[in-house]
Amino acid sequence: MNVVHGTDHTQTPPSSEEVLIQVEHLQKYFPLKKKKIFGPPEVVKAVDDISFKIYKGETLGLVGESGCGKSTLGRNLLRLQEPTGGKVFLRDVNFTDLSKKELRSYRKHVQMIYQDPFGSLNPRFTVGQVIGEMLTIHKLATGDARTKKIKELLALVGLDPDRIDNYPHEFSGGQRQRIGIARSLALDPEFIVADEPVSALDVSVQSQIINLLIRLKKELGLTLLFIAHGLNVVRHISDRVGVMYLGKLVELSGTDDLFDHPAHPYTAVLLSTVPDADPAARRERIVLKGEVPSPINPPSGCRFRTRCPLATEKCAELLPELEEIRPGHHVACHYPLEEGESLKERISKNDKGAVNL
Ligand SMILES: Nc1ncnc2c1ncn2[C@@H]1O[C@H](COP(=O)(O)OP(=O)(O)OP(=O)(O)O)[C@@H](O)[C@H]1O
Ligand code: SF4
Ligand SMILES: [Mg+2]
């Protein structure tokens, strides 16, 4: 089934025609405690009018600097926080319109894997209780059937099923993340948001967990939103990648196209900081001027303009919309880089007088 709601970006599906998740103009504002006597209270615009689709069976990576709104987007997608505005469709169900009761039964379709495998597991529960809690809440299995299911889940994530009565502190960091993954799989979800699932782990363990997620995705037909800091990790696991800056989605494309031909200046800067194994492909590092502006009072027009080496007056006046510049490649910039053009080349062209108009 191909669900299309409203007029949104056309995206070239990577492996499937079926849209599983459709996000429309999602917004999350956090009101702050009122400091001024007069005037409205200040709000943090953590996620500000973001629209995109996630195709069934794909892994969509999401990157961006700390505080740009990645976790807030993930949480609001699953309604672990209530969005301020916008809609999220799971197939043709408007997830944002479900009542609390409806949401509870729908929850089993969508799950979250957290960054901190220790903090997200109740230390007083055995592994069997941690994983089995979901089965009990949703009345899916009791007694021997419940134990059997828990043991199957432990085996699925590469843990010894006989350790069902051990406590989380008796496992290593990587093993604890496997428990977190087993818990998220207990209800046979279709869609999982993995919020920096390997950031808290030793580098040596990270690739094991990534490979586990890749295998589970294939075996179980999962669809993933994979949030990460490390661009290399995202490249390894993602079919497509989205780049966020200050509450906005600024670029969205197939992984190889994004890494080989970034079109947004911010993506080009991010990529220039990635250590590359291949010296021939190494990009000249570009250092951004200034700090990330506050999401309470973001810049007018393009939010990146206060740091962008290509910014013009137009960028301060007009917010660039996310538009498809070539099949499957979307960018929100008035002057996107051409395929094969580097940011350094564009800067030097502009310096020589070929200024953006
Ligand atoms: N509950 C909250 N109340 C107020 N502001 C919040 C709240 N949660 C997040 N924020 C703010 O929203 C913005 C986005 O935060 P978020 O945690 O989504 O960023 P992130 O991209 O996940 O960052 P990181 O990479 O550090 O995890 C930040 O400015 C943050 O301070
Ligand atoms: S719209 Fe302007 S400021 Fe924003 S990224 Fe593009 S060139 Fe830079
Ligand atoms: Mg986060």
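Every number in this text was worked out from the coordinates using simple rules, so none of it is lab data. Just so it is clear, the model here is predicted, and its values are computed rather than measured. In this analysis, Cβ positions are derived from the backbone assuming ideal geometry, glycine residues included, and neighbour counts consider all displayed protein chains.
Summary of values
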{"item": "Those trypsin sites (Lys or Arg not before Pro) in the stretch 94-144 that DSSP places in a loop and that have at most 11 other beta carbons within 10 Å", "result": "ARG124, LYS139"}
{"item": "ASP144, ASP97 arranged by Cβ crowding within 10 Å, fewest neighbours leading", "result": "ASP144, ASP97"}
{"item": "Net charge contributed by nearby residues that have their C-beta within less than 10 Å of ARG303 (K/R +1, D/E -1)", "result": "+3"}
{"item": "Directionally averaged shadow of the stretch 19-351, computed from the convex hull of its alpha-carbon atoms, nm²", "result": "19.5 nm²"}
{"item": "In degrees, nearest ten, helix 173-185 long axis to first principal axis of the chain (Cα)", "result": "80 degrees"}
{"item": "Calculated [θ] (222 nm, deg cm²/dmol) that DSSP helices of n ≥ 4 give over the chain, each run adding -39,500 (n - 2.57)", "result": "-8500 deg cm²/dmol"}
{"item": "Pair GLU284, GLU152: separation of 7 Å Cα→Cβ label points (nm)", "result": "5.8 nm"}
{"item": "Candidate lysines - alpha carbon under 18 Å from LYS148, same-chain residues fewer than 8 apart omitted", "result": "LYS139"}
{"item": "Förster radius 45 Å - calculated FRET efficiency between ARG215 and ASP351, Cβ distance, rounded to 0.05", "result": "0.40"}
{"item": "Per-pair calculated FRET efficiency, R0 = 25 Å: GLN27 and ASP97 via Cβ, rounded to 0.05", "result": "0.95"}
{"item": "For the stretch 163-297, alpha-carbon Rg relative to the globular expectation (2.2 N^0.38 Å, N residues)", "result": "1.23"}
{"item": "Relative contact order of the stretch 19-351, defined on C-alpha pairs under 8 angstrom at six or more residues apart (%)", "result": "19 percent"}
{"item": "Sites excluded, chymotrypsin sites (Phe, Trp or Tyr not before Pro) in DSSP loops with at most 16 other C-beta within 10 Å, longest stretch of the chain", "result": "126-357"}
{"item": "Relative exposure of HIS138, HIS334, HIS264, judged by other C-beta atoms within 10 Å (fewest first)", "result": "HIS138, HIS334, HIS264"}
{"item": "Lys/Arg +1, Asp/Glu -1 at C-beta; the chain dipole; positive extreme among PRO299, GLY39, GLY64", "result": "GLY39"}
{"item": "Fewest-first sequence of LEU222, LEU140, LEU153 by Cβ atoms within 10 Å of each Cβ", "result": "LEU140, LEU222, LEU153"}
{"item": "Cα long-axis angle, helix 143-156 against the chain (0 to 90 degrees, to the nearest 10)", "result": "40 degrees"}
{"item": "Backbone HN-Hα couplings from phi across the stretch 306-320 [Karplus 6.51/-1.76/1.60, Hz, Gly and Pro as x]", "result": "6, 10, 7, x, 9, 4, 10, 4, 4, 5, 7, 8, 10, 6, x"}
{"item": "Rounded FRET efficiency, nearest 0.05, which uses the C-beta distance separating ILE37 from HIS138 and R0 of 51 Å", "result": "0.55"}
